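Presented below is the structure to which this report refers.
The values are calculated or read from the model by the stated rules, or taken from the named source; none is laboratory data. This structure is a prediction, so every number in the text was calculated from the model and none was measured. Every residue, glycine as well, gets a Cβ built from its backbone with ideal geometry; the counts of neighbours run over all protein chains shown. Areas reflect the complete protein model, heavy atoms only, side chains present, ligands, DNA and RNA absent. Shrake-Rupley method; radii C 1.70, N 1.55, O 1.52, S 1.80 Å.
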Amino acid sequence: RFQACVYFASVFQAMSCGIHYLASVFMAVTPNFVCGIPGNVSSVLFYNSSESSIEDIWTLWTSAENYIVVQLENGEIWELNQCSRSKREVSLDLAYEYKGNKSGFSCSDGFLYDDTKWKSTVVTQWDLVCDREWLAKLIQPTFMLGVLIGAVIFGDIADRLGRQRVIWFTSAGQFVFGIAVAFTFDYYSFVIVRFLLAMVSSGYLVVAFVYVTEFVGIKARTWASMHVHAFFAMGIMIVALVGFLVRTWWVYQIFLSIATLPFVLCCWMLPETPFWLLSEERYEDAQKVINIMARWNKVSTPCKVSELYSVQQDDLVSSRTGDNDTSSTRKHNILDLFCNWHIARRTITVWLIWFTGSLGYYVFSLSSVSLGGNEYLNLFLIGAVELPCYIIACIGMDKLGRRNTLIPFLILSALICVLIMFIPQDFNILIILANMAGKFSIGVAFGLIYLYTAELYPTIVRSLAVGSGSMMCRVGSVVAPFCVYLRSVWIFMPLLLVGIMALLSGILTIMLPETLGKPLTNT
């Protein structure tokens, strides 16, 4: 009962990580736009359609190559493009086609945006279009860079100061920085505050994995650690729901940030893990936590830390006789993951799987809003498809084995990437279903690699292996937004890159050993 309460309280906050990781898909949308105009409009022309205001034209707008012809109240006729505008020298009659002389001007009067779908986004607020478009494209990569740095910093702090304090700080930080983002006054303050939000969100997720693993018994550990991902996916579904209901970016950000307020109010009640307290030799504090656990779980047999510790000390003394002492105290570093060709090959393969899993996960998630159809429903389904994928991953890991589950799903995701390229663009539903299948298969691989990495390496470098793999995962998440932007070069470029990486990872995984039912190695 105690472990269940601690577990569900901890993973509830993991939803806010999913929320903030993908909030920008709707917050940084670029709607249709044209150059602003220096005066009041009397009539608007778009091909054969004549309207009284530009707002009525947006339903007809189909391409960035289009332009709008407007006549001002003073009689001037202007052609408005997305990043430039021109004034016609002869303004006798209002016609769409014009062969005469024109004077070109920059968009010094700002821009006019289509607000039929979104009333306000960060792009419309700070005019992140045309020559400032690159600033909009940096929003997600800078967030993911914060994720990378936060994972490293808070993982280390949690080992030094304890899991409990980091969980308190990062969950409170998520709420404070999440609300602060909505009240930023310019683009640069927006990016900086979101960078800090990324650091605490990533820090929480990393420490939450460790926290629940140290509280949950061995029997349920696989399922428990895997389903932290499931709550992250529920966060993605909340983003889709709030995005559908709220169409002003700063209100949308506030609603997303208060979604997990209940946890922030209750997180101070979470205890420190007995494992960490024992490692710091705080035996009385550990005993208090264990007593609370015994009381909650109605365990009548007392569990005394002092007795357990004396047995552990005896084992430690007996194991340190002889030369073992020098080998056990030697410091290990990243080079130990490349100590010989056999281990180096394993490390390269594992890093590639981490990178591919993260790249595929975010490419499928971030590009879901560009698939056509209802973008809110697309993102919701891309999040929802993860929930069964972790159940399949858990069953596959226990029945077929780690490697035998990983290989088919990596190769399957590569095949799905190729399949999507051959689906005609008019078949929206088929494209969305294929993307869901791709996200499902890469999700299985992404969820499984955490445990598989821990089992592939000996105790002395296990944390190092998982930590370095997680770092490669963060690199994949930084690269993913840039990969999605390659759609402008060729619409299938992101899928091609994910497919190649997934196929390569799947083939290399064949060389890894199966770890199901095998004892963990120590040296």
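Restricting the first member to the range 244-270 and to residues that are in contact (Cβ under 8 Å) with a residue 40 or more places away in the chain, and the second to residues that are surrounded by 21 or more Cβ atoms within 10 Å (Cβ to Cβ) and among the basic types (K, R), the beta-carbon pairs closer than 9 Å and six or more apart or on different chains are L270/R163. Looking across the range 424-441 at every residue that is touching a Cys at 6+ places or on another chain (Cβ under 9 Å) and not small (G, A, S), the one that is least open to solvent (accessible area, probe 1.4 Å) is identified as K439.
I'm checking my understanding of the structure. Among residues of the range 402-431 that are charged (D, E, K, R) and assigned to a helix (DSSP H, G or I), which one is farthest from A230 (Cα to Cα)?
Step one: filter the range 402-431 for residues charged (D, E, K, R), giving 402-403, 426.
Narrowing the set further to residues that are assigned to a helix (DSSP H, G or I) leaves 402-403.
Details: R402: 19, R403: 22 Å.
By that ranking, first place goes to R403.
Looking at F422, F440 in this structure, which one is free of Cβ contacts under 8 Å to residues at least 40 places away in the same chain and among the hydrophobic types (A, V, I, L, M, F, W, C)? Just a single option satisfies the conditions, and that option is F422. The conditions of being under 17 Å from the mean Cα position of the chain (by Cα), assigned to a helix (DSSP H, G or I) and either closer than 19 Å to Q13 by Cβ or at pLDDT 90 or above (or both) are not met by G155. Residues in the range 182-240 that are β-branched (V, I, T), modelled with pLDDT under 90 and part of a helix (DSSP H, G or I): V206, V207, V210, V212, T213, I218, T222, V228.
Residue count for the range 222-267 under the criterion of being of a type in the set (S, T, Y) and more than 18 Å from R194 (Cβ to Cβ): the result is 2.
Residue-wise test of (1) part of a helix (DSSP H, G or I); (2) of a type outside the set (A, V, I, L, M, F, W, C); (3) modelled with pLDDT under 70.
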{"site": "F263", "(1), (2), (3)": "yes, no, no"}
{"site": "W276", "(1), (2), (3)": "yes, no, no"}
{"site": "E284", "(1), (2), (3)": "yes, yes, no"}
{"site": "N291", "(1), (2), (3)": "yes, yes, no"}
{"site": "L308", "(1), (2), (3)": "yes, no, yes"}
{"site": "L316", "(1), (2), (3)": "yes, no, yes"}
{"site": "D325", "(1), (2), (3)": "yes, yes, yes"}
{"site": "A344", "(1), (2), (3)": "yes, no, no"}
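In summary, N297 fulfils each of the numbered conditions (1) modelled with pLDDT of 80 or more; (2) open to solvent by less than 30 Å² (accessible area, probe 1.4 Å) with the single exception of condition (2). Is there a residue in the range 384-397 that is among the acidic types (D, E) and open to solvent by 60 Å² or more (accessible area, probe 1.4 Å)? Checked against the condition, which is being among the acidic types (D, E) and open to solvent by 60 Å² or more (accessible area, probe 1.4 Å), the range 384-397 yields no hits at all.
In this structure, does L400 turn out to be modelled with pLDDT under 90, among the hydrophobic types (A, V, I, L, M, F, W, C) and in the same structural domain as V478 (by the TED database)?
Working: modelled with pLDDT under 90: yes; among the hydrophobic types (A, V, I, L, M, F, W, C): yes; in the same structural domain as V478 (by the TED database): yes.
Spelling it out, L400 is indeed modelled with pLDDT under 90, among the hydrophobic types (A, V, I, L, M, F, W, C) and in the same structural domain as V478 (by the TED database).
Scanning the range 255-270 for residues that are surrounded by 15 or more Cβ atoms within 10 Å (Cβ to Cβ) and under 27 Å from R165 (Cβ atoms) turns up L256, S257, A259, T260, F263, V264, C267, L270.
Of all residues being of a type in the set (D, E) and not in a loop (DSSP other than H, G, I, E, B) in the range 97-146, which is most open to solvent (accessible area, probe 1.4 Å)? Just the residue, please. Only one residue fits best here, namely D131. Residue-level analysis places L448 among those that are assigned by the TED database to the domain that holds Y362, farther than 25 Å from T30 by Cα and either assigned to a helix (DSSP H, G or I) or modelled with pLDDT of 85 or more (or both). Scanning the range 477-523 for residues that are open to solvent by 60 Å² or more (accessible area, probe 1.4 Å) and small (G, A, S) yields S488, G517.
Do we find that L94 is touching a Ser or Thr at 6+ places or on another chain (Cβ under 8 Å), open to solvent by 30 Å² or more (accessible area, probe 1.4 Å) and among the aliphatic types (A, V, I, L, M) in this structure? Break it down stepwise before answering.
Details: touching a Ser or Thr at 6+ places or on another chain (Cβ under 8 Å): yes; open to solvent by 30 Å² or more (accessible area, probe 1.4 Å): yes; among the aliphatic types (A, V, I, L, M): yes.
Here the answer is yes, as L94 does meet what is asked.
In the range 40-64, of all residues being assigned to a loop (DSSP other than H, G, I, E, B) and not hydrophobic (A, V, I, L, M, F, W, C), the one that is surrounded by the most Cβ atoms within 10 Å (Cβ to Cβ) corresponds to Y47. Among the residues of the range 271-292, those that are open to solvent by 30 Å² or more (accessible area, probe 1.4 Å), in contact (Cβ under 8 Å) with a residue 24 or more places away in the chain and not charged (D, E, K, R) comprise F275, L278, Y283, I292.
Quick check on the range 19-39. Is at least one of its residues over 38 Å from the mean Cα position of the chain (by Cα) and either open to solvent by less than 20 Å² (accessible area, probe 1.4 Å) or free of Cβ contacts under 8 Å to residues at least 60 places away in the same chain (or both)? Checked the range 19-39: at least one residue is over 38 Å from the mean Cα position of the chain (by Cα) and either open to solvent by less than 20 Å² (accessible area, probe 1.4 Å) or free of Cβ contacts under 8 Å to residues at least 60 places away in the same chain (or both). Restricting the range 176-210 to residues that are over 19 Å from T248 (Cα atoms) and among the aromatic types (F, W, Y), which is surrounded by the most Cβ atoms within 10 Å (Cβ to Cβ)? Per the stated criteria, the residue is Y204.
Name the residues in the range 65-88 that are in a strand (DSSP E or B) and open to solvent by 30 Å² or more (accessible area, probe 1.4 Å), would you? Working first, answer last.
Keep residues of the range 65-88 that are in a strand (DSSP E or B), which gives 68-72, 77-80, 85-88.
The answer is Q71, K87.
Among the residues of the range 336-357, is any of a type in the set (D, E) and within 16 Å of the chain's Cα centre (by Cα)? Checked the range 336-357: no residue is of a type in the set (D, E) and within 16 Å of the chain's Cα centre (by Cα).
Which ones in the range 373-401 are outside any helix (DSSP H, G or I), of a type outside the set (A, V, I, L, M, F, W, C) and over 21 Å from M27 (Cβ atoms)?
Taking the range 373-401 first, the residues outside any helix (DSSP H, G or I) are 373-374, 385, 400-401.
Next, only the ones that are of a type outside the set (A, V, I, L, M, F, W, C) stay: 373-374, 401.
Once the filter is applied, which keeps residues that are outside any helix (DSSP H, G or I), of a type outside the set (A, V, I, L, M, F, W, C) and over 21 Å from M27 (Cβ atoms), the range 373-401 yields only G401.
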